[in-house]
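The block underneath contains the structure these notes are about, expressed in structure tokens.
All of the numbers you see were taken from the coordinates with simple rules; none came from a lab. Nothing here was measured: the structure is a model prediction, and the numbers come from that model. A quick note on method: Cβ atoms are made from the backbone with ideal geometry, for glycine too, and the neighbour counts reach across all protein chains shown.
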Amino acid sequence: VVSCPATGRFDPNGPDDFALLDQIRREQPVFFHEGIGAWCVTRHEDVMTIFREPESFANGGMLDVTVPMPAAIIAEVGADYVWPNHFALNQTDPPQHTRLRKLTQKAFTPRTINRREPDLRQLADELIDGFVDDGRAELVSAFTSHVPTNAIAMVLGMDRSYANRFPGWVEAHVSLMAVPDMSEEEAVKQWRRLIESDQLTRALIEERRREPADDLTSELIAARGDDGEPSLTDDELIANILGMITAGSDTTSILIANIVYRLLLDRARWERALGDRALVPTLVEEGLRYSSPVRGNRRTTTREVTLGGVAIPAGSSVYFSLSAANRDAEVFADAESFDLCRANAGEHLAFGKWAHFCLGAVLARLEAKVALEALLDRLPDLRLAPGQDQGLPYYNNMIVPVLLGLEVEW
Ligand code: HEM
């Protein structure tokens, strides 16, 4: 009897199957997956190698929009229009990435972000005010999805009403990247959203160039290189502001929902957090480790590389699984259990590492902390609605899945 190897059962676009990932990590941690045409990498140590060597594992072109502009859009913006996405951090490689990263990081400092904590708490409280008297809620659409969009709008100094447009902008980018045979009507709809995202952000930048304010957009405009490097152009600013919106919305919503879910699934954990708020920062790290909101990502090899003893040719597509790396028993004792006090939870790779380390990690951590504290304070009797104990429902994919809902009561 020939048994199917574990790797043959791995579906990167399916739900996380942690038992299977564990078997693969032990038996064949680096392997080629025909379905996605990529080398899959599952061990913590090998994923770290990818992060350590951005020159060998390139990002360039990864997020290109591939659906061409339909005639109706060309008539509106001209055939020469280019959506400025190719200047985004997660789309570029050194040395271009190095310059963009240095400048954006100068603006995106812990100081700029952390002083927003009282505003974020107010935002969380306003959202909770909207449903606190209902006795039940679908927490993703009522709460977790709004925290990141409003937080990013607030930090950037955008009108709060823009936050409601972000999901449409993100959907436009993702679908124009990925859907090969899109109808003309759909392409027009999605391209209009993409162009709107460009125009509204461009208008904000023009406004702040004329009159700087106390916000991240003004700081990004003002950021200067130490060594005569040119400051960010308008297209670079737009690409990176939109990049923050895309990278920071669904990810943070998933993180908050997952932590709430894990705490409520075994309610003794919720009770512990109620009694000891000092646990919250570790809880956030363990939430990131246990259910990595970014399940994995791709790179392209620029030369032949060896990972986990496997030779991978130049020009290959590589997919690293953060879901697998973050449950690696070589790094995390009792990796399959959600541990409120895990001492080394912070060794997770849920934010990546080094060159492309998540620019928004400080904001994401702050949002998660504030959102959890607000829920603990305002809804101490929170519990899962009946039938919610079989795992959270997702529309799955191999990078950031779409979380469909979390029904709770109190
Ligand atoms: C829980 C929430 C979040 C998670 C789990 C997360 C995860 C990640 C990961 C894994 C990467 C690296 C990807 C790679 O190396 O291929 C990344 C990069 C990035 N993230 Fe986040 N992220 C989160 C929230 C945010 C927020 C709130 C923002 C901004 C407001 C943001 C902005 C970015 C940007 C701009 C990059 C690209 C950095 C670069 O390539 O230099 N992220 N994030």
**Request:** Take the chain, connect every pair of alpha-carbon atoms lying under 10 Å apart with a spring to form a Gaussian network, then pick out the residue of Asp125, Asp64, Asp159 with the largest mean-square fluctuation.
**Result:** Asp159
**Complete:** Per its Cα gyration tensor (rounded if a/c is under 1.5, else prolate when a/b beats b/c, else oblate), segment 79-216 is best filed as oblate
**Prompt:** Quick one: how many lysine pairs in the chain have C-alpha atoms under 26 angstrom apart, if they're 8 or more apart or on different chains?
**Reply:** 4
**Fill in**
Computed from every Cα-Cα pair in the chain, P(r) in 10 Å bins starting at 0 and rounded to whole percents is 4, 21, 31, 27, 14, 2, 0, 0
**Global geometry of segment 205-318, whether rounded, prolate or oblate, following the gyration tensor of its Cα atoms and the 1.5 cut on a/c** = oblate
**Prompt:** Which of the chymotrypsin sites (Phe, Trp or Tyr not before Pro) across segment 305-358 are loop residues per DSSP, with 11 or fewer other Cβ within 10 Å?
**Reply:** none
**Message:** Cut-off 10 angstrom, C-alpha nodes, Gaussian network model of the chain. Which of Ile74, Ile221, Ile195 fluctuates the most?
**Reply:** Ile74
**Request:** Assign unit charges at the C-beta atoms only (+1 for Lys and Arg, -1 for Asp and Glu), then state the dipole size of the chain relative to its Cα centre in Debye, rounded to the nearest 20.
**Result:** 740 debye
**Fill in**
Quick shape check on segment 113-186: root eigenvalues a ≥ b ≥ c of the Cα gyration tensor, a/c under 1.5 is rounded, otherwise prolate if a/b tops b/c, else oblate, and it reads oblate
**Asked** Build a GNM of the chain with springs between Cα atoms under 10 Å: which of Leu379, Leu103, Leu349 gets the top mean-square fluctuation?
**Response** Leu379
